[in-house]
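The values are calculated or read from the model by the stated rules, or taken from the named source; none is laboratory data. Only a predicted model underlies this, so the values are computations on that prediction, with no experimental measurement involved. Counting neighbours? That spans all protein chains shown, and the Cβs are built from the backbone with ideal geometry, glycine included. Keep in mind that these areas ignore ligands, DNA and RNA; they rest on the heavy atoms of the full protein, side chains included. Shrake-Rupley method; radii C 1.70, N 1.55, O 1.52, S 1.80 Å.
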Amino acid sequence: MSSVNTAIQLITRESAAGQATAAAAASTCSPALARGPWDFDLAEALAGVPAYGPGASVADVAPASTPRQGQLPEEYRLAGDAELDDRIRAAKAALGDRAVILGHFYQRDEVIQYADFVGDSFQLANAALTRPDAEAIIFCGVHFMAETADILSAPEQAVILPNLAAGCSMADMADIDSVTECWEQLEELFGTEPDADGRVPVIPVTYMNSSAALKGFCGEHGGIVCTSSNAATVLEWAFERGQRVLFFPDQHLGRNTAKAMGVPLAQMPMWNPRKELGGSDEETLQDSRVILWHGFCSVHKRFNVAQIEKARADFPGVQVIVHPECPMEVVDAADSAGSTDFIRKAIAAATEPTVFAVGTEINLVNRLAAEYPQHTIFCLDPVICPCSTMYRIHPGYLAWVLEALVRGEVVNRITVADDVAAPARVALERMLAARP
């Protein structure tokens, strides 16, 4: 099975040529995905405005603080696939154990092939801990993941993000200023005194897909970090200590998890930072159990019930598995929902040939289909639309950062200030202690 990138290139080329082939009949959400990411680095530099680039998050508005990538040197932009492959492998060999490459599940295959470890954001941060002698950790993922790796790794280890423009639109939907303002309003409404059972009025919980600043905020305010695989355990932890939870930045993970735990939807108001009292009222907030932030993942927002209905009509008996970042109605209509690791394990555990319709990022789905050819595995969304920001990482950037390390130079290093890293580490350690 060809990679997602290869499919996008073929679809775009044949569609432009007007060729009526199977590839041309398929579609991507943007023909710009076929271009090199450096084109968007340059466009953003010229415009003076950051953006997420083509793909699922293209319509999301990037805040002015979004990191931007300087122009990749011409030799890497012009190099062909074979040349980049030779250069990356030579640099890896020269560096040996001095460098470790981490590749996120959603990364393009052309980059994943060089990864020493493949996993989700927290699995990869933990994987880096198994290589304490590595001088450099090259994180082929997005910005918040590299921040987490820097928080958990040794001070002398350099964490590198090959393309600084690889951010996360969902993580950017909750910033430290907005969350702090929300917290102050909630403290004014609820007070700060615990109830008769010793539970404080509200506990902050941030999803792993958030900035280091927000992880630090949780650490400083008695809160905790969660992943999609342990969100229920973390909410139980929070309910033992607080009367209610402020959950950010992903509303869907918070809603789906709390609903499965029996929390009524009426007790899960949304907090929109652009509206007074988050768009709610005092009575509703007082009665709340989980206050959901107005944030979402644009990859998982693309999935809908109609896609599930079509999959069931086309393949009677299909198993529909979706990620809990999908909207509630999609999770409710699916056969099961869980983290990327849950999805992988569910498919691996199937002993008989099975049809799986999967609601998560296309690169992972495509890779699972290639890994388990005895099954029929396809993405619920028929349009090829990868994570915009993961797609900003390209072998050209990987070759650039690796060859710089060979020369003794560290480029694109991600560092988290000590005053943020210390409380963020506290929130992460609380998460580690809250085992499912």
- Give just the number: which of (1) assigned to a helix (DSSP H, G or I); (2) over 26 Å from L129 (Cβ atoms) does V358 not satisfy? (1)
- With K259, K275 as the choices, which residue is charged (D, E, K, R) and free of Cβ contacts under 8 Å to residues at least 12 places away in the same chain? K275
- Message: Any residue at all in the stretch 389-404 that's in contact with a strand residue (DSSP E or B) (Cβ under 9 Å, 6 or more places away or on another chain), of a type in the set (A, V, I, L, M, F, W, C) and open to solvent by 10 Å² or more (accessible area, probe 1.4 Å)?
- Response: no
- Taking the stretch 322-332 as the search range and keeping residues that are buried (at least 22 other Cβ atoms within 10 Å of the Cβ) and of a type in the set (A, V, I, L, M, F, W, C), which one is nearest to M261 (Cα to Cα)? V331
- Query: Right, A146: open to solvent by less than 60 Å² (accessible area, probe 1.4 Å), at pLDDT 95 or above, among the aliphatic types (A, V, I, L, M) and assigned to a loop (DSSP other than H, G, I, E, B) or not?
  - Reply: no
- Item | Answer residue from the stretch 185-221, given it is of a type in the set (D, E, K, R), within 22 Å of P423 (Cα to Cα) and outside any loop (DSSP other than H, G, I, E, B) and is nearest to the chain's Cα centre (by Cα) among those | K215
- Query: Restricting attention to the stretch 162-179, does a residue exist that is β-branched (V, I, T), assigned to a loop (DSSP other than H, G, I, E, B) and at pLDDT 95 or above?
  - Reply: no
- Note on the structure: The residue that is surrounded by the most Cβ atoms within 10 Å (Cβ to Cβ), considering only those in the stretch 241-281 that are small (G, A, S) and touching a Lys or Arg at 6+ places or on another chain (Cβ under 8 Å), is A258
- Query: Would the stretch 117-134 turn up any residue that is among the aliphatic types (A, V, I, L, M), touching a Ser or Thr at 6+ places or on another chain (Cβ under 7 Å) and open to solvent by less than 10 Å² (accessible area, probe 1.4 Å)?
  - Reply: yes
- Task: Among what's in the stretch 95-116 and is in contact with a Cys (Cβ under 9 Å, 6 or more places away or on another chain) and assigned to a helix (DSSP H, G or I), pick the residue that is surrounded by the fewest Cβ atoms within 10 Å (Cβ to Cβ).
- Result: I112
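Conditions tested, residue by residue: (1) of a type in the set (F, W, Y); (2) open to solvent by less than 40 Å² (accessible area, probe 1.4 Å); (3) free of Cβ contacts under 8 Å to residues at least 40 places away in the same chain.
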position	(1), (2), (3)
D150	no, yes, no
A154	no, yes, yes
N163	no, yes, no
E181	no, no, no
L189	no, yes, no
E193	no, no, yes
A196	no, no, yes
P201	no, yes, no
Y207	yes, yes, no
- Message: Anything in the stretch 284-311 that is open to solvent by 20 Å² or more (accessible area, probe 1.4 Å), in a helix (DSSP H, G or I) and more than 27 Å from V234 (Cβ to Cβ)? List them, or say none.
- Response: V305, A306, Q307, E309, K310
